[in-house]
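None of the figures in this text is laboratory data; all of them are computed from the coordinates on show. As the structure is a prediction and not an experimental result, all values here were calculated from the model. With ideal geometry, Cβ positions are generated from the backbone for all residues, glycine too; neighbour counts draw on all protein chains shown.
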Amino acid sequence: MHRSKNGHVRLADRPADYERLGIDPVQIAQFEDGQRIGTEKGLYEWWYFDAHLDDGATVVVVFYTKPNVSPSGPLAPRVTINITLPDGRIYDKLLDTTPEMFTASKSTCNVKIGTNHFVGDLNRYHITATIGEISVDIELTGDVPAWRPKSGHSYFGVEGREKLFAWLPAVPHGLANVRYSIGKEEYGASGSGYHDHNWGDVPMQTLMHNWYWARASVGPYTVIASYITATEAYGYETQIVYMLARDGKIIADDDAKVSFEMDRVVIDGKTGKPVADVTRYTYRDADTRYVVSFEREETILQAIFTERMPLLKRIVARLIGFDGAYHRFTGKVTIERFEGDARVEHFDDRAIWELMYFGKARPGV
C-alpha cells in the first residue's frame, strides 16, 4: 500500500523504505523480533503470544514496555496473562513492575520483566510468566515462517511528520506446548500457537479508531487477517492486512485482492461498542476465491480502558471523551476455496480474535 486512497496512511513498501529500515523485503532477520524502539516517553512495544489448546483452554500472554493505551509515560514494564479454562472459568492477571526490572536484546527476541522471560529466534520460543497464583511455561515451535505485511511499518500522516505503527507476526502459526498452573491445579496441553510483536511512536488511539484482528489454523490453512479503521484525523481510512498459508507455505498476502464484510452487528452491553457476530475476508485471484469467516460464539474478555486507569486518569479520560474498549472472542472459523462458482474445499475449526475500539462508536457504522 503504496500511498493510500486519500494519502493519509501508507504501508511502507518502497526500496528506500527497506533500505532505511535495514530490512529485506522478504527475508526476516532475528533482530526484527528484538527491541525495535526505545522506552522513552511516547514510545511503546509489546510481544504477544496466544494459543488454543487441545484441552479446550485458551492462553494469552503479553510482555509490554508500558501500558499499551498510555505510552506517553516512561518505561513501565507490564506482563499480562489471560487464561480461559475449558469449564468457562476466566483468569485475567496483570503485573506492573519497575523500570529496572526490564531488559531486552536488540539482536534477537530476549525480553525479561523481573523473573518473567520471553525468548526466541523466529522459530522456537520459550515463555515463562507468573502473576500471583497463575503460572505459565510455554514452548512454541513455528511451522509457518515469520512474515510481515510489506515492511510491517504503517505510517500515518504527511511525510516528515509521519506517525508509526509497526507489526511483525514472528510465528504466524506453530505448535504450542503449554504447562499452566492455577494455585495447586496443574495442567499441560498442546495446541495451536501464535506470536507477534508491535511497536510505535504515538498512542495507538491517536491513529486507529478501531480494528478487527484474527488468526486461525484450519485444516491445512493458517490465516492472519485484520481490518483497521484509522481515526477521523486520517479520514477514517481503512486498511486490510491478510496472510493465508497452506501446509506451512504462504500462498496469498496481497491486501489489494481482499475485501471485508461484517454481519449481525449488535451493541455490546458492557462496552457500548458495535460488535459484529460475523466477520468475513474474501480473497480473489483470477478464478480462485478464498472466503474466511469468523463467527462469534463467546466473548472471553471485555476491557473498558478507563476502568483500568487510576482515578485521576479516569476522570481526565472521561472529560476528553476517551472511552476505548477491547473485546476478545472465541468462536468458529470457516475457510472455503472456490474455483469459479464451485466450492472445492471447506474446513472449520475454533479461533480467537479481537475487536479493539479506541474511538467513540460512529452512528450508522
Longest the chain segment clear of trypsin sites (Lys or Arg not before Pro) sitting in DSSP loops (not H, G, I, E or B) with at most 15 other Cβ atoms within 10 Å runs 271-359
Amide H partners (placed H, <5 Å) of Gly235, local residues excluded
none
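Using 0.36 nm per residue of separation minus the Cα-Cα distance, give me the extension gain between Thr115 and Lys41 in nm, one decimal.
Taking 0.36 nm per residue and subtracting the Cα distance, the gain is 24.2 nm.
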With only alpha-carbon pairs counted, each pair once and no self-pairs, how large is the Kirkwood hydrodynamic radius of the chain in angstroms?
20.9 Å
Using 7 Å Cα-to-Cβ label points, what is the Thr206/Ser72 separation (nm, one decimal)?
0.8 nm
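With a ≥ b ≥ c the root eigenvalues of the C-alpha gyration tensor of segment 1-202, is it rounded (a/c under 1.5), prolate (a/b larger than b/c) or oblate?
Numbers: a/c = 2.07, a/b = 1.60, b/c = 1.30.
Prolate, since a/c reaches 1.5 and a/b exceeds b/c.
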Gained length - Asp341 relative to Arg14, 0.36 nm times residue gap less alpha-carbon distance:
114.1 nm
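Would you work out the relative contact order for the chain, in percent, from Cα pairs under 8 angstrom that are 6 or more residues apart?
Values: 949 pairs, mean separation 46.2, N = 365.
Contact order relative to length: 13 percent.
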